[in-house]
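Structure record follows, encoded as structure tokens.
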Amino acid sequence: MRNILLLTDFSDNSINAIHYALKLFSRSMVNFFVLHVESTNTFLTDDLMAAGSKSIYDTLVKKPKSRLKKVVSDLEKASKHENFNFETLIDHDVFADSVNQVVASKEIDLIVMGTNGVTGAKEVLFGSNTINVIRKVTCPTLVIPEDFTYTSPKEILLPLDINDSIGGEAFSNLLTFANTYSEKLHLLRIKPNNEVSPEEHSDTEQVQKYLKDINYEYHVVSNTPMDHVVNSYTQTHSIELIALLVQKESLFERFFTGSSTTEISKKLKVPLLVFHV
């Protein structure tokens, strides 16, 4: 039985992501943990003063707890014929810290969340939370873009940069997912120049070893940023899901140049499934 963490801020976007998960894992036995995180800086002194005679519990906990209970009640009705269990969780903490704690305590196999991108004030908050989960929480994460209508992920795109290897635990986990839910895997080896990297040199052997029983395509693209390649490829092929093998980024990449992970998530048009190397 899978343990899956569903993150919600009660927005339509997060609820849509949750319903994607219910459809994807239909006919499976799943424990769903539905988590809402209230940031510790959400409540100011003025908020507590305005509460008057109400208890701190009523001010900080009761309302989101009631909303979360309603969300789960709706989910149970929508999936009454499935073998799903639901548990609600509320925390007041830094977002990524809270997610990390739940991942450890509940032995989570997968995180599911939505993202609004970076086009407005409200959207920046949840968009940044998405990036922080990808960077700071070492757990497979499925990100569903805003207003995405569920489509079975029959064709998956895996872009590989010069440091990504075909093989290893993260790649094995992707193959398990692909064998279960998809019909074809597209691999793109993307490199900043025309030089052959050690990883590219070994691709042929590794592809024959790991993908002999999988329908796949393999291409090499040079001198083009990864996010541009991914954006173009998803527009010209029937890609229903993008997978990424995410490595730990350096401080320079995070704060000065950005990263392919960040850029891809900003332009996300189809679900993104992240595995950590």
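Taking the average, over residues, of other Cβ atoms within 10 Å as the packing measure, peptides 71-84, 135-148, 174-187 rank 135-148, 174-187, 71-84 from highest down. The P(r) of the range 138-277 has a tail past 20 Å containing 44 percent of all C-alpha pairs. The label point for Lys77 and the one for Thr236, both projected 7 Å from the Cα toward the Cβ, are 4.7 nm apart.
Only the coordinates and a few stated rules stand behind these numbers; no lab work does. As the structure is a prediction and not an experimental result, all values here were calculated from the model. Here Cβ is always computed from backbone atoms with ideal geometry, including for glycine, and neighbour counts include all displayed protein chains.
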